Amino acid sequence: DLKTKNRKRILAAFRETSSRQVTLNEISDMTGISRQTIMKSMSFFLDMGIVQNLGKGSSSELGGKRPELYQFNASYKYVVCVRLGHKSLLVAITNLSMDIVDVVSMEHAKNEKLDVIMDRFSELYGQLLEKTGIAEGQIIGAGICLGGICNQTTGIMRYNSVYPSW
């Protein structure tokens, strides 16, 4: 629906400006969405913690009301990234701006069995959560990188070039 589309566009604009403070007028200019519609969406984003209100900015050279400043909260949630190489497993956590929060890795034998890799992933994942202080409930997704042939429709890997025994 239109409300969802507008929220996605507004959130995309905030993500583009994630490293700086912006006003509602700037978001309106970036998205083409009216300031009033943006204000309605802001309540939702502020309640969720996705966007932070930073208080009042400076007034323009002409004076007038000082604008509210907002910023995307990249630390609202996190994503786990896993890279499986032929002799190593790397696990990283990124914030929503895709900045790496921390990384851990572990060597393993060539063509290691899947259950061993999963146990090692679990160990590294636990280390990362403990090390960063990020709660498991703050993780909203995962990305896995490994070489092989995958069925695009089902997402099922048909052949893993690094771990052919899988």
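The values are calculated or read from the model by the stated rules, or taken from the named source; none is laboratory data. What you see is a predicted model; the values in this text were computed from it and never measured. Positions of Cβ are backbone-derived with ideal geometry, glycine not excepted, and every protein chain shown enters the neighbour counts. Note: areas computed on protein heavy atoms with side chains; ligands, DNA, RNA excluded. Shrake-Rupley method; radii C 1.70, N 1.55, O 1.52, S 1.80 Å.
Applying the condition of being at pLDDT below 85 and open to solvent by 40 Å² or more (accessible area, probe 1.4 Å) to region 68-87 and asking which residue is nearest to ASN160 (Cα to Cα) yields HIS86.
Anything in region 17-26 that is open to solvent by less than 60 Å² (accessible area, probe 1.4 Å) and either aromatic (Phe, Trp, Tyr) or in a helix (DSSP H, G or I) (or both)? List them, or say none.
LEU24, the sole residue that qualifies.
If you go through region 142-166 and pick out every residue that is in a strand (DSSP E or B) and either open to solvent by less than 50 Å² (accessible area, probe 1.4 Å) or more than 29 Å from MET48 (Cα to Cα) (or both), you end up with 9. Of everything in region 54-63 that is assigned to a loop (DSSP other than H, G, I, E, B) and open to solvent by less than 70 Å² (accessible area, probe 1.4 Å), the residue that is farthest from ASN95 (Cα to Cα) is SER59.
Let's see how each residue does on (1) among the hydroxyl-bearing types (Ser, Thr, Tyr); (2) open to solvent by 100 Å² or more (accessible area, probe 1.4 Å); (3) in contact (Cβ under 8 Å) with a residue 40 or more places away in the chain; (4) outside any helix (DSSP H, G or I):
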position: THR4; (1), (2), (3), (4): yes, no, no, no
position: ARG15; (1), (2), (3), (4): no, yes, yes, no
position: SER28; (1), (2), (3), (4): yes, no, no, no
position: THR37; (1), (2), (3), (4): yes, no, no, no
position: MET42; (1), (2), (3), (4): no, no, no, no
position: ASP47; (1), (2), (3), (4): no, yes, no, no
position: GLN52; (1), (2), (3), (4): no, no, no, yes
position: LYS65; (1), (2), (3), (4): no, yes, no, yes
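Those residues that are open to solvent by 80 Å² or more (accessible area, probe 1.4 Å), under 18 Å from ASN160 (Cβ atoms) and outside any helix (DSSP H, G or I), I need them from region 98-141; list them, please. Across region 98-141, the qualifying residues are LYS110, LYS113.
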